[in-house]
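A short worksheet on the structure shown next.
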Amino acid sequence: MLSLSPSFARLVVVAALARFAAAATDYLIVGGGTAGLVLAERLTEDPNVNVLVIEAGGDGLGNVDISDISRVGAAWGTDIDWQFPTEPLTYANNRQLTPSPRGKVLGLVALAFLLHTLR
């Protein structure tokens, strides 16, 4: 998957916002995680409503780290994970956990949580 520089990512967002302004779009949802996709689904229950969802990552289709339940956690630390460290943890000797898994793909956070709880 392509990794975007912050300045290029801003251009992509500006392009999406320009599309939003030019199109007959009623709502712009930033982030295609669980909450963003559920919100988009609920809003589009009204056939007269148009929703644009923008996501920094891809769709993850065909990625076995997502689709194969036996590979739980394999996507962590890859290009579909933001790889953010935690803040220093007081009760862990001020250590930072790296990475703290956060999906950069449509709906990955919920899927990762589901797979983790099924283990």
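Any read-out appearing in this document is the output of simple, stated calculations on the displayed coordinates, not a laboratory observation. Owing to the predicted nature of the structure, the values given are computational and were not obtained by experimental measurement. Note: ideal-geometry Cβ built from the backbone for every residue, glycine included; neighbour counts use all protein chains shown.
Some observations on this one:
- The residues packed around residue 32, meaning those with a beta-carbon under 12 Å from its beta-carbon, carry a net charge of -2 if Lys and Arg are +1 and Asp and Glu are -1.
- R0 of 35 Å, Cβ-Cβ distance residue 46-residue 82: FRET efficiency to nearest 0.05: 0.60
- With Cα atoms as the point set, the radius of gyration and Dmax of segment 29-94 evaluate to 16.6, 54 Å.
- Other residues whose C-beta falls under 12 angstrom from the C-beta of residue 79 contribute a net charge of -1, scoring Lys and Arg +1 and Asp and Glu -1.
- Distance between segment 63-103 and segment 35-51 - C-alpha centres, whole angstrom: 29 Å
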